[in-house]
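Just below is one structure, and these are the notes that go with it.
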Amino acid sequence: METSHILNFIRTTFMDADGFIPLHAPFFGGREKEYVTDTIDSTFVSSVGAYVTRFEEMMAEITGARYAIATVNGTTALHLALVITGVKYGDEVITQPLTFVATANAISHAGGIPVFVDVDRDTMGLSPAALQAFLEEHAVVTGNGQCMNKTTGRRIAACIPMHAFGFPVRIKEIAAICAKYHITLIEDAAESLGSYVDGVHTGVFGNVGIFSFNGNKTVTCGGGGAIVTNDEALAKKAKHLSTTAKVAHPYEFVHDDVAYNYRMPNLNAALACAQLEQLKDMLANKRELAALYADFFKGSAVKFVTEMPGTTANYWLNTVLFADRDQQQAFLTESNNSKVMTRPIWRLMNKLPMYAGCQHGDLSNAEWLEERVVNIPSSVRKML
Ligand SMILES: *Cc1c(COP(=O)(O)O)cnc(C)c1O
């Protein structure tokens with residue numbers, strides 16, 4: 001398929017004949033200004049305020065998790081998730097090489113060492129088969145219930161699969177493997193707000209899940225994140241450590257742990273609440289766009305990625321696969337030169353200088369995808 005044909009279709013679909021078409025622009029169509037103004041009028045713009053609590057209640061309701069804890073961004077939510085689940089300095093954390101760098105960075109912030117295991121080609125996320133094979137080769141569960149890496153001598157403390165572009169990974173299979181090997185499961189659901197597996201929201205299959213509300217995500221509040229969990233003790237720990245571990249008292253400053261200033265400000269939470277009120281409409285709008293793309297690419301050599309059976313994807317970033325790297329690169333060049341924003345998938349984590357020394361298994365699926373994937377414009381389109 002000719003690149004110009006694809007670009008014409010994108011321009012027609014976004015009703016913009018010659019302007020810049022972003023990959024994913026925020027959509028503000030509800031009560032955003034009203035709520036944000038309310039925080040300013042009340043002076044409660046910072047770490048105390050009703051919108052933060054409301055945001056947490058909305059996130060618990062949307063995901064079906066018993067608890068949700070607001071944070072300043074997705075990266076800190078991931079860091080905190082690792083801390084509250086007991087990941088310690090020198091522990092290993094398994095994740096996929098195809099992810100946004102924040103996943104690996106958060107592991108490092110917690111003192112952990114990332115280990116990269118391959119993805120599946122169809123989900124683009126962590127492969128249960130590759131995980132099983134890696135653990136069979138390297139892992140042993142000790143008498144006291146710890147999973148140790150025989151090759152490195154370190155503890156394998158946790159596993160972080162990521163739902164790439166909102167397409168759910170085989171999370172149930174991954175959860176079963178983690179349970180068998182006594183490995184904590186943390187879902188990086190930063191990109192998958194509104195994505196489900198068998199009707200259950202992503203982020204609640206493991207011990208902890210995290211979300212991001214960065215400017216380019218489906219729902220944004222400028223910057224923001226959330227931790228979700230069904231475990232009351234973990235939820236309490238997350239809230240406590242995200243608010244400098246301050247002991248409740250009418251006026252005294254007493255803190256009982258080395259903690260963080262990770263709580264989402266009320267100003268951002270106001271924006272988040274207004275955005276979440278429109279989540280259903282935004283998801284429907286994005287599904288409609290994905291259906292138009294699916295129809296357009298039907299039968300073409302450029303493959304449009306669709307949700308797997310039994311799953312619902314949020315179609316955060318629409319994704320196509322080119323036949324090879326040359327075609328991928330040619331399309332990236334021509335589209336971006338034509339002011340239609342497109343992006344390749346991330347450079348594999350194990351190829352970045354700071355993670356080049358990390359242990360990894362065979363990564364041939366991740367390498368295959370790295371040479372083929374391109375994200376195409378995916379913004380919510382203005383309602384007519
Ligand atoms: C966006 C994102 C994050 C981090 O979120 P921030 O809010 O930008 O800190 C983490 N993991 C993945 C996979 C992401 O896409």
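General observations
- Residue match in region 176-191 (condition: of a type in the set (Phe, Trp, Tyr) and crowded, with 24+ Cβ neighbours inside 10 Å): no
- Check on Val140, in contact with a Cys (Cβ under 8 Å, 6 or more places away or on another chain) and free of Cβ contacts under 8 Å to residues at least 12 places away in the same chain: yes
- Failed item, numbered, when Ala157 is tested on (1) more than 11 Å from the ligand (Cβ to nearest atom); (2) of a type outside the set (S, T, N, Q); (3) in a loop (DSSP other than H, G, I, E, B); (4) touching a strand residue (DSSP E or B) at 6+ places or on another chain (Cβ under 7 Å): (3)
- Residue pairs whose Cβ atoms lie under 7 Å apart, sitting 6 or more positions apart in sequence or on different chains, and linking a residue in region 153-171 that is small (Gly, Ala, Ser) to a partner that is open to solvent by less than 10 Å² (accessible area, probe 1.4 Å) and not in a loop (DSSP other than H, G, I, E, B), are Ala157/Glu92; Ala157/Val93; Ala158/Leu82; Ala158/Val93; Ala158/Ile186.
- Within region 336-353, tally of residues that are of a type in the set (Gly, Ala, Ser) and without any contact (Cβ under 8 Å) to a residue 12 or more places away in the chain: 0
- Options Val208, Val141: the member that is modelled with pLDDT of 95 or more and over 24 Å from Tyr67 (Cα atoms): Val141
- Within region 117-133, being in contact with a Phe, Trp or Tyr (Cβ under 8 Å, 6 or more places away or on another chain) and either on the phi > 0 side of the Ramachandran plot or not small (Gly, Ala, Ser) (or both) holds for Val117, Arg121, Thr123, Met124.
- Residue check, Ala238 closer than 16 Å to Ala81 by Cα, in a helix (DSSP H, G or I) and out of contact with any His (no Cβ under 6 Å at 6 or more places or on another chain): yes
- Any pair with Cβ under 6 angstrom, 6 or more apart, that starts in region 101-116 at a residue that is over 15 Å from Gly86 (Cβ atoms) and ends at one that is within 13 Å of the ligand (Cβ to nearest atom) and of a type in the set (Asp, Glu): Thr103/Asp188
- Here Leu276 does not fit the description of being open to solvent by 20 Å² or more (accessible area, probe 1.4 Å), aliphatic (A, V, I, L, M) and modelled with pLDDT of 95 or more.
- Those residues of region 179-229 which are more than 16 Å from the ligand (Cβ to nearest atom), assigned to a loop (DSSP other than H, G, I, E, B), touching a strand residue (DSSP E or B) at 6+ places or on another chain (Cβ under 7 Å) and not hydrophobic (A, V, I, L, M, F, W, C), in sequence order: Tyr181, His182, Asn207
- In the condition set (1) open to solvent by less than 70 Å² (accessible area, probe 1.4 Å); (2) touching a helix residue (DSSP H, G or I) at 6+ places or on another chain (Cβ under 8 Å); (3) not assigned by TED's automatic domain parsing to the domain that holds Phe55, Arg347 is compliant with all but (1).
- Verdict on Ala226 being over 26 Å from Leu289 (Cα atoms), surrounded by 17 or more Cβ atoms within 10 Å (Cβ to Cβ) and touching a Gly at 6+ places or on another chain (Cβ under 9 Å): yes
- Unique match (being outside any loop (DSSP other than H, G, I, E, B) and either in contact (Cβ under 8 Å) with a residue 60 or more places away in the chain or in the same structural domain as Arg11 (by TED's automatic domain parsing) (or both)) among Thr333, Thr306: Thr333
- Only listed residue being assigned by TED's automatic domain parsing to the domain that holds Asn266, more than 14 Å from the ligand (Cβ to nearest atom), open to solvent by 30 Å² or more (accessible area, probe 1.4 Å) and farther than 22 Å from Ala272 by Cβ, chosen from His249, His240: His249
- Options Ala270, Ala259, Ala284, Ala301; residue that is in contact (Cβ under 8 Å) with a residue 12 or more places away in the chain and not assigned by TED's automatic domain parsing to the domain that holds Val52: Ala301
- Helices (runs of 4 or more DSSP H) (entirely within region 4-113) containing at least 1 residues that are within 16 Å of the ligand (Cβ to nearest atom): 50-63, 74-84, 101-109
- For Ala366: the one exception among (1) within 19 Å of the chain's Cα centre (by Cα); (2) under 23 Å from Leu135 (Cβ atoms); (3) part of a loop (DSSP other than H, G, I, E, B): (3)
The values are calculated or read from the model by the stated rules, or taken from the named source; none is laboratory data. Here the structure is a predicted model, which means the values were calculated and not measured. Positions of Cβ are generated from backbone atoms using ideal geometry, with glycine treated the same way; all protein chains shown enter the neighbour counts. With ligands, DNA and RNA removed, areas are computed over all heavy atoms of the protein, side chains included. Shrake-Rupley method; radii C 1.70, N 1.55, O 1.52, S 1.80 Å.
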